[in-house]
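We did not get these values from a lab; they are worked out from the coordinates using the rules stated. All values reported here derive from a predicted model rather than from experimental measurement. As a convention, Cβ positions derive from the backbone with ideal geometry for all residues, glycine included, and neighbour counts pool all protein chains shown.
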Amino acid sequence: MKILVAIKRVQDYNIKVRPKSDGSDVDLEGVKMGVNPFDENAIEEAIRLKEEGFASEIVGVSIGSSLSQDVLRQSLAMGVDRVILVEAEEVLQPLAVAKVLKKVVEKEKPDLILLGKLALDSDAGQTGQMLAGLLNCSQATFASSIEIKDGEVFITREVDGGTESIVTKTPTVLTADLRLNEPRFVKLPNLMMARKKPIETIKVDDLGVDVSSRLNTISVSEPLPRKEGIKVKDVKELLQKLNDIEGLKI
Amino acid sequence: MNAVGSAQIWNGSIDILIVGEGIDEAAIHASKLDGVDKILKFDAPHLNHSLAEDVANIIFKIGKEYNVIIAPHTWFSRNILPRAAALLDVSMISDVLEINEDNIYIRSTYAGNVHAKLKSDDPIQVLTVHSSKFNAVGLNGNAKIIDSKVPEALNLSRWEKEKKIESDRPPLINAKVVISGGRSLGSAEQFNEVLTPLADKLEAAIGATRAAVDAGYAPNEIQVGQTGVVVAPDLYIAIGVSGANQHIYGMKDSRVVVAINNDPDATIFKFADYGLVADLFEAVPEMATLVSKT
C-alpha cells in the first residue's frame, strides 16, 4: 500500500495573526511558520501505518513557494520516504489545490491519500473532500482513528453529536483530526539527514490545470472586540446584573 | 431554519433538499418553513446514513439548476458540500458570517483573528453559514414536497456503526445556555459535581475546554473551540477557563459571557461581560442554589 500525504505550510498555532495596516492582506512578516498541525497528524498516521507493515512507501507533497521546502524536510525527518514540491508563487485556493493534488495522485497512484481536516490559516476545511470528488473516490473526513483490515480501511469519524465508523474502498481520501494521534518529536540527527535528501520540484504551470482564484479577497480586518466587561463582587451581584441588565430571567 | 433565513438575502425562490431513508416526517416539517417553494425528497435505503459520496452526487445532479447552494456549518455539511462544489467545478465559502449583495461575503480566518471580505465569481455560490449570525425563519409555510428519483448507490464506502452522546441536556450546538469547564475543575468527578447542578437549573448544555478534555475530565464531543464545537448561546458561563485563543474562537459570538475564575489576570476576563474573581468550588454551587429558573 502506498500513501500520499499533503502538507501545508502555515503560521504557528500559538501566533495571533493580524491584518496589515492597509487591510489588503494579513501580515505574515517575521511570523513563525511550520507544518499545519492537522497535516502533522496525517504524516504521523502514515508513518505508523508503515511501521505496522501496512504501507510500503510514503510520499509527501506540498504546494507553495520554495519556502515550503522546510515543511517537506520536516516530514522527511519524521519518516516520510520522498517528497514533491509543486512550486506556485500565488497562494492557491482549495479547489485549485485539489486539482493540483489530483494530478499528483494520477502520477503517484497512492492507495491512501491523507490530509489534515483543515488548515489553520484559511480555516476552510475543503481540500480533502474536493480532491475525493474530483477523483470520484471514497472519502472519510475528520478521522479520529484509521485501521486497515483485509484491504479495507476502517475509519472512526466526527459527526454532529458523536462519532460514526465507516469503511472505505481504496483509493480513498482521509482527513485527520487532532485526536487521530500524537505526532512524534523530530530528532535533530533526522532533521540533519533530511536536509541532504532531494526534493522533486514540479512547476504548477507544467501541470496544465486551472488554478485561478475564484474568490477574490476585497479586504481583511480585525473582528470587532467584545465590549469591555465589568467585574462583579459576588454571585448575588452577578445574578442581579444578568436578570436586570441582560434580561435573562435566571 | 437559519440557513433558509440566510438564503432569503438573494430574493430568489428557495427549495430544500432532504436526503435519507424514511424521511416523510422530516419533509413535512421542512415544508412548514416560511418562504420555501419546494422540498426535494431523496428517499432510499442506501441514503440511510447520508454517505458523502452519494449525497454529494445528488447535489451535483441537481445543483446546476441553482444559483446558490447553502447549508449550515455543521459536521454533516462540512463533509459533503466541498465534494459537491468540486463536482460542480466551483469554489466554496466556509462558515460565512455575513452575506452582502453581489455575492460578497465575510468569513473568519486565522482562528477567528482575521475577518476576510471576499467576492465570488463562480456561477454557482456554494457556502456554509454560521447559523447564529442569521435569523431563523418561522413555521407557517406550505411548501410542496416532491419525491425525487434517487441516483444509484455509488458503493464507495459503507457505514458500520455510530456512537451518539446520550444526554438529557440540550445539544451544545443550539443550547440557549452553555456552561463550560476548564482544567481548574481538577478531575472528571469534580467537573461533573460542580457543573451538573447549575446546568440542571439553567437547562444548559455543558462544554469543556481542550485542556479539560486533554486532562480526561470531559469527552471530546463537548469540546468548545476551534478544534471542537463553535457555540453562540444567549448566555455562556466559563468556569475555571483560562481563555486560550482556540477556546475563545469557539464562544466569542455568545450574547452574554460570564467568567468565573480565581485568577484575576486570566485572559478569559477580557472576553467576559461579567467577570467574577472567586473560588469556583464555592461560587458555582452558590449560583446553582440562587438561580430561580427551574
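Worth pointing out:
- Evaluated with a Cβ-only charge set (Lys, Arg +1; Asp, Glu -1), chain A carries a dipole of roughly 340 debye about its Cα centre, given to the nearest 20.
- Excluding the site residues themselves, the longest part of chain B lacking any GluC sites (Glu not before Pro) in a DSSP loop with at most 10 other Cβ atoms within 10 Å is B:167-294.
- Shape category assigned to chain B from the gyration tensor of Cα positions, a/c cut at 1.5: prolate
- DSSP beta bridges confined to the protein assembly as shown are antiparallel in about 35 percent of cases.
- Principal-axis analysis of the Cα atoms of chain A puts helix A:94-108 at an angle of about 20° to the longest axis.
- Violating pairs (Cα-Cα greater than 32 angstrom) within the set A:LYS231/B:LYS117; A:LYS2/B:LYS64; A:LYS103/B:LYS133; A:LYS2/A:LYS187: A:LYS231/B:LYS117; A:LYS2/B:LYS64; A:LYS103/B:LYS133
- Dividing the mean sequence gap of close Cα pairs (under 8 Å, 6+ apart) by how many residues region B:2-147 holds gives a relative contact order of 34 percent.
- Overall form of region A:180-250 per C-alpha gyration tensor (a/c, 1.5; a/b vs b/c): oblate
- Charge sum, other residues only, whose C-beta stays under 13 Å from B:GLY228's C-beta, Lys/Arg counted +1 and Asp/Glu -1: -2
- For region A:2-215, the Cα-based Rg and Dmax, in that order, read 16.6, 56 Å.
- Nearest-0.05 FRET efficiency for A:ARG226 and A:MET192, computed from C-beta distance (R0 51 Å): 0.60
- Put simply, the convex hull of the Cα atoms in region B:138-233 casts, on average, a shadow of 10.4 nm².
- Taking each residue as 0.36 nm, the span from A:ASP205 to A:ARG18 lengthens on full extension beyond its C-alpha to C-alpha distance by 64.2 nm.
- Taking the longest Cα principal axis of chain A as reference, the axis of helix A:37-51 is set at about 40 degrees.
- Cut-off 11 Å between beta-carbons: net charge of the residues surrounding A:ASP81, Lys and Arg +1, Asp and Glu -1: +3
- When only Cα pairs below 8 angstrom with a gap of at least 6 residues are kept, chain A shows a relative contact order of 23 percent.
- Cα gyration tensor shape of region B:172-290, rounded if a/c is under 1.5, else prolate or oblate by comparing a/b with b/c: rounded
- Column: log10 I(q)/I(0), Debye, Cα scatterers of region A:33-132, q = 0.12 Å⁻¹: -0.36
- Dividing the C-alpha radius of gyration of region B:1-51 by 2.2 N^0.38 Å, with N its residue count, gives 1.22.
- Beta bridges from DSSP with both residues in chain B: antiparallel share about 20 percent, rounded to the nearest 5.
- Counting only alpha carbon atoms, the long axis of helix B:52-63 and the longest principal axis of chain B meet at about 50°.
- Mean separation of Cα contacts under 8 Å, 6 or more apart, over the residue count of region B:152-281: relative contact order %: 21 percent
- Remark on the protein assembly as shown: ratio of C-alpha radius of gyration to 2.2 N^0.38 Å is 0.98.
- Cβ-based net charge around A:ALA96, under 12 Å, with every Lys or Arg adding one and every Asp or Glu removing one: +1
- B:LYS176-A:SER65 FRET efficiency (beta carbon distance; Förster radius 60 Å; 0.05 resolution): 0.80
- Per-pair calculated FRET efficiency, R0 = 41 Å: B:LYS161 and B:SER292 via Cβ, rounded to 0.05: 0.45
- All Cα pairs of region B:2-147, percent lying beyond 25 Å: 26 percent
- In the protein assembly as shown, a dipole from Cβ-located charges (positive for Lys and Arg, negative for Asp and Glu) runs towards its positive end, and of B:GLY250, B:LEU290, A:VAL104 it is A:VAL104 whose Cα lies farthest in that direction.
- Calculated log₁₀ intensity ratio I(q)/I(0) where the Debye formula runs over C-alpha points of region A:107-174, q = 0.19 Å⁻¹: -0.75
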